[in-house]
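Just below is one structure, and these are the notes that go with it.
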Amino acid sequence: MKRLASVILAAGDGTRLKSNRPKALHEVCGYPMLHHVLKVATEANAERHVVVVGYEGDQIRSAFTDRTNLEFADQLERLGTGHAMMMTRDHFQDYEGDILVLCGDTPLFKVETLQKLVEWHRHQDAAATILTAELKEPRGY
């Protein structure tokens, strides 16, 4: 079976939250959002995780010091999602496998959804697969 790693994008500052905490550290059900994302990525069989941090990245690092399969990549200038992914390339120099890219502020994914996404991606032998959703009222999002 192919290996699976995850990249979790957590460099945002969450300005709309009006907080000094990075958005990924805001709690949902008693745990930081990033905790939930790491948990579901692990349950989807990702064996290692690279978290892209920016705003107050040291807070995120210190909140997850107990994780052994967790690495961090710094995005000092937030120049978009593609740039954030570029910041992880040193972590994957010799890596052969699939990479699941998730946002650090999406704590509600189900493991079954991610497993089906990875399964579909592999079945199609795709270079990239994107999970989308249709919203009845997208303007409120």
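The values are calculated or read from the model by the stated rules, or taken from the named source; none is laboratory data. Remember, it's a predicted structure, so these values are computed and weren't measured experimentally. With ideal geometry, Cβ positions are generated from the backbone for all residues, glycine too; neighbour counts draw on all protein chains shown.
Leu38: crowded, with 16+ Cβ neighbours inside 10 Å, modelled with pLDDT of 95 or more and part of a strand (DSSP E or B), yes or no? Answer is no for this residue.
Can you find a residue in segment 69-76 that is surrounded by 15 or more Cβ atoms within 10 Å (Cβ to Cβ), modelled with pLDDT of 95 or more, out of contact with any His (no Cβ under 8 Å at 6 or more places or on another chain) and not aromatic (Phe, Trp, Tyr)? No - not one qualifying residue is present in segment 69-76. With respect to being closer than 23 Å to Lys2 by Cα and polar (S, T, N, Q), Thr42 fits the description. Residues considered: Asp98, Asp66, Asp58, Asp90. Of these, the only one that is loosely packed, with under 13 Cβ neighbours inside 10 Å and either within 15 Å of Ala5 (Cβ to Cβ) or modelled with pLDDT of 95 or more (or both) is Asp90. Working only within segment 41-50, note down all residues that are in a helix (DSSP H, G or I) and touching a strand residue (DSSP E or B) at 6+ places or on another chain (Cβ under 8 Å). Ala41, Thr42 - these are the residues of segment 41-50 that are in a helix (DSSP H, G or I) and touching a strand residue (DSSP E or B) at 6+ places or on another chain (Cβ under 8 Å).
Number of residues in segment 117-141 that are closer than 30 Å to His26 by Cα and either surrounded by 14 or more Cβ atoms within 10 Å (Cβ to Cβ) or in contact with a helix residue (DSSP H, G or I) (Cβ under 6 Å, 6 or more places away or on another chain) (or both): the value is 4.
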